[in-house]
Amino acid sequence: MKGFDKRVESYADALAGLSDGMTVLAGGFGLCGIPENLIEQIRVMGVKGLTVVSNNCGVDDFGLGVLLKDRQIRKMVASYVGENAEFERQLMSGELEVELTPQGTLAEKMRAGGAGIPAFFTATGYGTPVGEGKEVREFNGRPHILEHAITGDFAIVKGWKADRYGNVIYRHTAQNFNPCVAAAGRITVVEVEKIVEPGELEPSQIHTPGIYVDRLIVGSFEKRIEKRTVRTAA
Amino acid sequence: MALSREQMAQWVANELKDGDYVNLGIGIPTLVANYVPPGIDVMLQSENGLLGMGAFPLEQDIDADMINAGKQTVTARAGASIFSSAESFAMIRGGHVDLTVLGAFEVDVEGNIASWMIPGKLVKGMGGAMDLVAGADNIIAVMTHASKGGESKLLSRCSLPLTGAGCIRRVLTDLAYLEIEDGAFVLKARAPGVSVEEIVAKTAGALRVPDEVPEMRF
């Protein structure tokens, strides 16, 4: 009996059903807390025409950037897309569509999507190019714009520890967008560093409850650092 | 003399109040953390989901899972908390951050700010800047007063696409500290050795100059 056991055997199983033209939500901030093996599996599968929603798009040879080479991404929804030469090339040539979205609005769009709220008003972006063409309403004397929720066919998430029930804990700032993404996927796939025995995770400390998680796999991670900054001992 | 980047950071640091939660943008604002006056405790918010950002780590303590919004490796200080991006922007949008300091290309007399895109140049994105300017009550925009060619960046109307509309009331430039009131810049202080005439000449938007304009001290 499988019941609540969310574990799958392989990365192929983890992303089974992902096909051309789907929308994929991906957790991570820069290269921190990205589902690096699930991204690699998407590259291996070769699915094309994807809409990818993620705060950033990786770098040329790591993270979501690896999906650009074979033109697997048709449209990117993100708040910041620097640090990636191939991305810039495809953007300038018009091969890639980009919808730049304020970071907090992007997080809230996915939070709302996962919470069954179809749209919300926010002051963020009013009077800017982001607000163009969007419905405006005044609340408390201040104009707000209507922003629509985002959900995905697949959500790909990087956690730290999970139990087989799919309860997930994130580590440090590798949390970032991951809980928002996890709740907004029709099929949510989580890869973690460690799967622990049921009961080991303190229920009140769970970041993403297992109800949001459909598939769970344990992987090993490179965890590349984008900007290595240190201090020297005084 | 125009203020150096360090002096601008130092000036902003002197505006901090004990117990403030503060978000510092990339560039000069980041330097503010180096000049927090003694006896003042502030908690730095990093919008990737960290409240209580600490110093850079020692080499042996580097942790790929511990970064700030500039993607730099950092540490968390005592009293820090870590949370999701949705939570992070809930506290920003909800007006819980006491002071936001960020850079700007242009500001204008209506309190508009442009800081994220220059048409014709590659646009990398607004990141969290639009949320920060929309959510904060108390913002200091930190910028150079004029371009290298001498063209004012303090305008009657921003020429670049906006980051936020009507949200800026305080501006620190390398020449002056100004506040925006009733459709004009008000000159509140000038950099040491910088004349009121120079500031007037380099401010394109309406500017009110009080009888007394104190010189900043460092």
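Given R0 = 45 Å, the distance between the Cβ atoms of B:Asn34 and A:Ser10 translates into a calculated FRET efficiency of 0.35. Within chain B, antiparallel bridges make up roughly 50 percent of the DSSP beta bridges whose residues both belong there. Here the simple spin-label model places points 7 Å from the Cα toward Cβ, and for B:Glu212 and A:Lys2 these points are separated by 7.8 nm. Size descriptor for the protein assembly as shown, Kirkwood hydrodynamic radius: 23.0 Å (Cα pairs only, one decimal). Taking every C-alpha pair closer than 8 Å and separated by at least 6 residues, the mean separation divided by the residue count of segment B:5-208 gives a relative contact order of 17 percent. Bridgeable aspartates and glutamates around B:Lys153 (alpha carbons under 15 Å apart, same-chain partners fewer than 8 residues away excluded): B:Glu106, B:Asp108, B:Glu110, B:Asp174, B:Glu179, B:Glu198. Protection proxy ranking, highest mean first, for peptides B:72-79, B:167-174, B:47-54: B:47-54, B:167-174, B:72-79, where packing is the per-residue count of other beta-carbon atoms within 10 Å, averaged. Surface composition of segment B:5-208: carbon and sulfur make up 49 percent of the accessible area, probe 1.4 Å. I'd like the distance separating the alpha-carbon centroids of segment B:40-80 and segment A:71-134, in whole Å. Segment B:40-80 and segment A:71-134 have Cα centres separated by 26 Å. Here the Karplus curve 6.51 cos²θ - 1.76 cosθ + 1.60, taken at θ = phi - 60°, turns the phi angles of segment A:19-30 into couplings of 9, 3, x, 6, 9, 10, 9, 10, x, x, 9, x Hz, with x standing for Gly and Pro.
When ranked by the protection proxy of mean other Cβ atoms within 10 Å per residue, highest first, what sequence do the peptides A:60-67, A:45-52 form? Could the numbers behind the result be given before it?
Numbers: A:60-67: 20.5, A:45-52: 17.1.
In descending order of packing, they fall as A:60-67, A:45-52.
Any lysines with Cα under 28 Å of the A:Lys6 Cα? List them, leaving off those in the same chain fewer than 8 positions away. The qualifying lysines are A:Lys48, A:Lys109, A:Lys158, A:Lys161, A:Lys194, A:Lys223. Amide H contacts of B:Arg208: B:Phe185, B:Val186, B:Leu187, each under 5 Å away and 5 or more positions distant or on a separate chain (H built 1.01 Å from N in the peptide plane; Pro and chain starts excluded).
Centre-to-centre, using Cα atoms only, segment B:156-187 and segment A:21-41 are separated by 39 Å. Among the residues of B:119-126, the average count of other protein chain beta-carbon atoms within 10 Å of the residue beta-carbon is 6. Obtain the nm distance between the two label points defined at A:Arg164 and A:Glu197 by a simple spin-label model: each point lies 7 Å from its Cα along the Cα-to-C-beta direction. Placing both labels 7 Å beyond Cα along the Cβ direction yields 1.2 nm. Averaged over peptide B:44-56, the number of partner chain Cβ atoms lying within 10 Å of each residue's Cβ comes to 4.
Between A and B, roughly 4000 Å² of accessible area is buried in total, ligands, DNA and RNA not counted and the probe set to 1.4 Å. Under 12 Å of direct C-alpha separation, and excluding same-chain neighbours fewer than eight residues apart, A:Lys75 reaches these aspartates and glutamates: A:Glu95, A:Glu97, A:Glu99.
Model label sites at A:Ile211 and A:Phe139, defined 7 Å from Cα along the beta-carbon direction, differ in position by 2.4 nm. Rounded to the nearest 0.05, what FRET efficiency is calculated for B:Leu58 and B:Ser147 with R0 set to 51 Å and r the Cβ-Cβ distance? Between B:Leu58 and B:Ser147 the formula returns 0.80. Here the Kirkwood formula puts the hydrodynamic radius of segment B:5-208 at 17.6 Å, using every distinct Cα pair.
The values are calculated or read from the model by the stated rules, or taken from the named source; none is laboratory data. These figures come from a predicted structure and were not determined experimentally. Ideal geometry is used to build each Cβ from the backbone, glycine not excepted, and the neighbour counts take in all protein chains shown. For the accessible areas, the whole protein counts, side chains as well, though only heavy atoms, and no ligand, DNA or RNA atoms are used. Shrake-Rupley method; radii C 1.70, N 1.55, O 1.52, S 1.80 Å.
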